[in-house]
Amino acid sequence: MEGMTDGENVILGVASASLVAVTLQPTLYWKNAAAHGLPFTLRPSLLFRGCGVNLLKESSEMALQFAVAGRMKSGGGGCSLSSAAREMSGAIGGGTFGALLVTPFECVMIQQQLHGTSLLATPSRIARRFGVLSGGLYRGLAIAASRDAIYVGGMLGLTPVVRRYLVEDRGLPSTRAGMLAAAVGGVAGGVLSHPWDVVKTCMQGDLERIRYGTASQVPSPHPPVQQKAPGAIPLPLKQKHGSASQVLSPPLTPLQRTPATRRCAT
């Protein structure tokens, strides 16, 4: 990346993002659904809900991250940092800066997935009811910046460092070293950044602050209170320590109970 121009880094980032956004959209929905306690589904209409804004988000995010990381890795003229330090600091800086662009896109996508509203109606509804800054579109910005610093640091920082080590110190072929390094950087960045992502997802899915007021209240140590904010669409509430498929439902009335459920109740 440091050997490429800013324009080439942007093109590389957009091309990579377009492929990532479409192919990983179902896994992104499953992740967000699990964080909010929604049941597992294979319905394409749900899995690809919010794909449009995610494509915009990924394209602009990776273009910015590749450009910023590439510029910072180049040394900026007279930088005394070592090569490995430039790789890591450039990637971390690119991820942190990219959160300014990414946060509102992700907020819109999560709200679309939960409420089923359109791409154009969702951001206007959020801005009108909750504002643009920390309470609305930019809710969870600090958490997103921390997450992206870790994730991009692994993807664009640790990966080339590991690859260079495998090639120069271990004598591995360049292609094999690149694949191993990508696996190390990707897994390390994904695993370490995942808790931050869950916190941000919960905060952006609860703009009414019914269950998650601040980052320190995620996850909630107690079962959520059954409140309803004005105009809020009720969402399934996850059981404590439950999985994504275990969603609370109203208790069955005596007429609704089958003989099997009556025996279980007794």
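The values are calculated or read from the model by the stated rules, or taken from the named source; none is laboratory data. Model, not experiment: these values are computed from the prediction. Note that we place each Cβ from the backbone using ideal geometry, even for glycine, and neighbour counts take in every protein chain shown. When the accessible area is computed, the model is the full protein with side chains, heavy atoms only, and any ligands, DNA or RNA have been set aside. Shrake-Rupley method; radii C 1.70, N 1.55, O 1.52, S 1.80 Å.
Things to note:
- Any hit, region 12-32, residues being touching a Ser or Thr at 6+ places or on another chain (Cβ under 9 Å), in a helix (DSSP H, G or I), open to solvent by 20 Å² or more (accessible area, probe 1.4 Å) and at pLDDT 90 or above: yes
- Residue, surrounded by the most Cβ atoms within 10 Å (Cβ to Cβ), within region 96-119, restricted to residues that are farther than 18 Å from L28 by Cα and touching a Ser or Thr at 6+ places or on another chain (Cβ under 9 Å): G98
- Residues located in region 120-144, provided they are assigned to a loop (DSSP other than H, G, I, E, B), hydrophobic (A, V, I, L, M, F, W, C) and crowded, with 19+ Cβ neighbours inside 10 Å: L137
- Selection count where residues are open to solvent by 60 Å² or more (accessible area, probe 1.4 Å) and of a type in the set (S, T, N, Q), scope region 33-54: 1
- Residue within region 159-168 that is in contact with a Ser or Thr (Cβ under 6 Å, 6 or more places away or on another chain) and aromatic (F, W, Y) present: no
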